[in-house]
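Visitor: Questions regarding the structure given below will be posed in turn.
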Amino acid sequence: MPGPQLPPPRNGAGLLSLVLGIFACGFSVIPFASEFLAVPAAVIAVGAAFVGWDRIERGIATNRADTIAGGILGALALGVATLVYLATHS
């Protein structure tokens, strides 16, 4: 007799964070694109990383590395986009 079925892990927020963090890092070095593409994507990546981390802490997600990497990449993209903005608008 099989045991109770566990629900699948909810890894969507961590994966979203990683994908948007990579996207934001790619566009953060392009002057016009950094303002309109990279910054919103980076903000969403950092927010999704917080949601993913909360899910990991509660035990309903399993993608710790993806979530951490996405949050770091999102924060890095925000920093680079800020530097690009300051360099092109001063």
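Visitor: Return the residues of segment 60-79 that are part of a helix (DSSP H, G or I), open to solvent by less than 70 Å² (accessible area, probe 1.4 Å) and either of a type outside the set (Gly, Ala, Ser) or modelled with pLDDT under 95 (or both); say none if nothing qualifies.
Guide: The answer is ASP66, THR67, LEU73, LEU78.
Visitor: Output the number of the condition that THR82 fails; it satisfies all remaining conditions of (1) in contact (Cβ under 8 Å) with a residue 12 or more places away in the chain; (2) surrounded by fewer than 21 Cβ atoms within 10 Å (Cβ to Cβ); (3) in a helix (DSSP H, G or I); (4) hydroxyl-bearing (Ser, Thr, Tyr).
Guide: (1)
Visitor: Would you check which residues across segment 1-38 are surrounded by fewer than 20 Cβ atoms within 10 Å (Cβ to Cβ) and touching a Leu at 6+ places or on another chain (Cβ under 7 Å) and list them?
Guide: Within segment 1-38, ILE22 is the sole residue that qualifies.
The values are calculated or read from the model by the stated rules, or taken from the named source; none is laboratory data. Here the structure is a predicted model, which means the values were calculated and not measured. Quick reminder, even Gly has a Cβ in these numbers, built from the backbone with ideal geometry, and neighbours come from all protein chains shown. Remember, those area values only see protein heavy atoms, side chains included, never the ligands or the DNA or RNA. Shrake-Rupley method; radii C 1.70, N 1.55, O 1.52, S 1.80 Å.
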